[in-house]
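K.L.:
Structure below; questions to follow.
Here, each number is a calculation from the coordinates, and none is a lab measurement. None of these values were measured; they are calculated from a predicted model. Note that each Cβ is placed from the backbone with ideal geometry, even for glycine, and that neighbours are counted across all protein chains shown.
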Amino acid sequence: MRILKTILDGVLIIEPTLHYDDRGYFMESFNNKEFNEEIGQEITFVQDNESKSSKNVLRGLHFQSPPYAQSKLVRCVNGAVLDIALDIRNGSPTYGKATSIILTQDNHTQFFIPKGFAHGFMALTDGAIFQYKCDEYYHKESEGGINILDDSIDIGFDFGNDFILSEKDKLHPLLKDFNSPFTYNQ
């Protein structure tokens, strides 16, 4: 496993080691001990989720507020998605900044999004299957979001005009109107 830092402190790209032979490949998709050693903190994932999306489905930007905040380890197991993390930690030098990566069934790359970040993705292919591990259980009353279409957020990708966004996600506030429940801890 190879871990790469991003422009956002704590958001990591994880490239697994693949072992190929004439039968195909093998990879260890997750090893808790190695993962925790590499990221330098103790994370225990308690819930695995999966979604399937049609091409151009746009989801996010979502988070759960403390004390139910979630860290997520995400990957795309079928098709391709553009995955996005947005820093929403008050006092962070990168508050309001986003980073994104294309996750595919072929690159097997994973993206770690710690607490204090909003998360979203866009399906780039039809039938994109997206999996994510969470270190906190889903808690409806603490869910929140930022409008993914906010022009002030530089995602580095043009969604075009053919995207599909839920009514709920359309109602999320713009970043300038958002009062974050997260604080940056150095």
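K.L.:
Within the chain, which is the longest segment that contains none of the GluC sites (Glu not before Pro) sitting in a DSSP loop with at most 14 other Cβ atoms within 10 Å?
P.N.:
Result for the longest clean stretch: 43-186.
K.L.:
Can you show me the helix-derived [θ] at 222 nm for the chain, built from DSSP H runs with n ≥ 4 at -39,500 (n - 2.57) apiece and divided by the number of residues, rounded to the nearest 500.
P.N.:
-1500 deg cm²/dmol
K.L.:
Cross-chain or 8 or more residues apart, Cα under 25 Å: how many lysine pairs in region 1-101 fit that? Count them up, please.
P.N.:
7
K.L.:
Also, I was wondering about something else. May I ask you to derive the relative contact order of region 2-183, considering only C-alpha pairs under 8 Å and at least 6 residues apart, and to give it as an integer percent?
P.N.:
Contact order relative to length: 30 percent.
K.L.:
If amide hydrogens are placed 1.01 Å from N in the peptide plane, which non-local residues have theirs closer than 5 Å to the one on residue 135?
P.N.:
So residue 135 has HN proximity to 46, 71.
K.L.:
Could you compute Rg(Cα) / (2.2 N^0.38 Å) for region 122-165, with N its residue count?
P.N.:
With N residues counted in region 122-165, Rg over 2.2 N^0.38 Å equals 1.49.
K.L.:
Classify region 141-186: rounded, prolate or oblate, from the alpha-carbon gyration tensor (a ≥ b ≥ c, eigenvalue square roots; a/c under 1.5 rounded; otherwise prolate if a/b is larger than b/c)?
P.N.:
Oblate, because a/c is 1.5 or more while a/b does not exceed b/c.
K.L.:
Charges only on Cβ, +1 for Lys and Arg, -1 for Asp and Glu: so what's the dipole of region 78-186 about the Cα centre, in debye to the nearest 20?
P.N.:
It comes to approximately 340 debye.
K.L.:
Sticking with this one: Contour minus end-to-end for residue 17 and residue 46, with contour as 0.36 nm per residue of separation and end-to-end as the Cα-Cα distance?
P.N.:
Taking residue 17 through residue 46 to full extension adds about 8.0 nm, to one decimal.
K.L.:
Please find the FRET efficiency linking residue 107 to residue 33, where r is the Cβ-Cβ separation and R0 is fixed at 25 Å, and quote it to the nearest 0.05.
P.N.:
Computed FRET efficiency for residue 107 and residue 33: 0.55.
K.L.:
Report the Cα-based extents of the chain along its three principal axes, largest first, to the nearest Å.
P.N.:
Principal-axis extents of the chain (Cα, largest first): 54, 40, 29 Å.
K.L.:
Would you mind ranking 100, 166 so that the residue whose beta carbon has the fewest other beta carbons within 10 Å leads the list?
P.N.:
Ranked by crowding around the Cβ, least crowded first: 166, 100.
K.L.:
On a full-extension model of 0.36 nm per residue, what is the gain between residue 170 and residue 2, subtracting their alpha-carbon distance, rounded to one decimal in nm?
P.N.:
Extending this stretch completely gives an extra 56.9 nm.
K.L.:
So, one more: If we count every other residue with Cβ under 15 angstrom of residue 12's Cβ, Lys/Arg +1 and Asp/Glu -1, where does the sum land?
P.N.:
-2
K.L.:
Looking at region 111-176, how many pairs of lysines come closer than 18 Å at the Cα, when each pair is eight or more places apart or spans two chains?
P.N.:
Close lysine pairs found across region 111-176: 4.
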